[in-house]
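No lab work stands behind these numbers, since they all come straight from the coordinates. Here the structure is a predicted model, which is why all the values come from computation and not from measurement. Backbone-built Cβ (ideal geometry, glycine too); neighbour counts: all protein chains shown.
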């Protein structure tokens, strides 16, 4: 989104979610065959962060008569907001020798 445009709650939650997923989607030294998917990863990450995608996400987000999202919408927002915090906690609490293990559990 351009810097001068206010992100909606779903857009802000989505952007932070995608940033946290991107931290996890790194090349795997133990499985170099997955390197063949790096171009696909990059293309998808570019698409889901694009202004057009964010605008369509917001326009498809259910609008309710009140500013508050529906109960289901609130639950989805909570999930999108929780994942980046979980990644942050996992990074902060992992031991140096466990570098590769914490993110595997996050992806599962």
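Between the beta carbons of residue 12 and residue 41, assuming R0 = 25 Å, the FRET efficiency works out to 0.65 to the nearest 0.05.
Ranked by the mean number of other Cβ atoms within 10 Å of their residues, highest first, the peptides 44-51, 20-27 come out as 20-27, 44-51.
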